[in-house]
Structures are given as C-alpha cells and as structure tokens.
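First up is the structure itself, then whatever we jot down about it.
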Amino acid sequence: MTKRILIIEDDLDHQGLYASVLMEAGYAVDTASDGVEGERKIREGKADLVLLDIILPKTDGMNILKNLKAFPPKTMPKIVLLTNLPDERVAKEGLKNGADGFLMKSKLEPQDLVGEVRSYLK
C-alpha cells in the first residue's frame, strides 16, 4: 500500500521540490500552504506522515501541534517538523508537543529526504 505524505509548507519552491522528490520515490503526496489548511488535512486522517513547517501563515506549526495534542484526531500521523530556525529549543518544544522529529531545511538535500521519510515510516 502506498504511503501518503502531507507537506505543510508555505514556501512553494520547497513544497514543490519535496513533493516531486517524494512522488518520484513512489509516495502519494498532498500539500497545504498555510497552517489552517494543513491542520484540516491532518484531521482528515489521510496522511501517514506530515512534514510540517514551523513558520506558516494563518497559524504556525507549533499551534497545530498544540491543537492536535489537546484535541487528537482519530488517526494521528507521524509528524516531522521542518525548520530553518537555528535554535534547538524550538525543535525540543516541538518534540514536547507531539512531533516525532525535526529536519533542518537548510541541511536537507533532496536526495536525503526520501531516506528520512522512510526512517520515520518504519
């Protein structure tokens, strides 16, 4: 069965790059460009893994995590934060609020993304 990845990222260049790399690797990919749309799609329960940017329009990734923790959906996907914020406290706060991990966008090469996704889906 094909695994489904939801990419919640407002930078359309990053979003498109991540989506094309993951689709080439055989994943089904859905996207959202703001936090409200992203949280709605998480709650629909169709994703196995969510790549969640922290800084988003309408509501940020941390608020999404807090909302999911307070009111969990029926099906909770794995959630990996995407960030360029250099402060590790942000990543630790994300883990505390329910994220399964985090990736630094600035250090993430497209060819490494598939391996990271596979490791979270094991």
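Nothing in this text is a laboratory measurement; each read-out follows from the coordinates by a stated rule. Only a predicted model underlies this, so the values are computations on that prediction, with no experimental measurement involved. Every residue, glycine among them, receives a Cβ derived from its backbone with ideal geometry; neighbour counts consider all protein chains shown.
With a 10 Å cut-off between alpha carbons and a GNM built on the chain, which of 81, 52, 95 moves the most?
95
Once both labels are modelled 7 Å past Cα along the beta-carbon direction, what's the residue 46-residue 93 spacing in nm?
So the two model labels end up 3.1 nm from each other.
Output wanted: per-residue J couplings in Hz (rounded whole) for region 30-35, from phi through Karplus 6.51 cos²θ - 1.76 cosθ + 1.60, θ = phi - 60°, x for Gly and Pro.
In residue order, the calculated couplings are 10, 9, 9, 9, 9, x Hz.
Taking a threshold of 22 Å on the Cα-Cα distance, which of the pairs 3/122; 46/78; 3/107; 46/69; 46/105 fall above it?
With Cα atoms farther than 22 Å apart: 3/107; 46/105.
Spin-label point model (7 Å from Cα, Cβ direction): what's the residue 4 to residue 25 distance in nm?
Going from the residue 4 label point to the residue 25 one covers 1.9 nm.
Can you give the calculated 222 nm mean residue ellipticity of the chain, where each DSSP H run of n ≥ 4 adds -39,500 (n - 2.57) and the sum is split over every residue, rounded to the nearest 500 deg cm²/dmol?
One gets -13500 deg cm²/dmol as the mean residue ellipticity at 222 nm.
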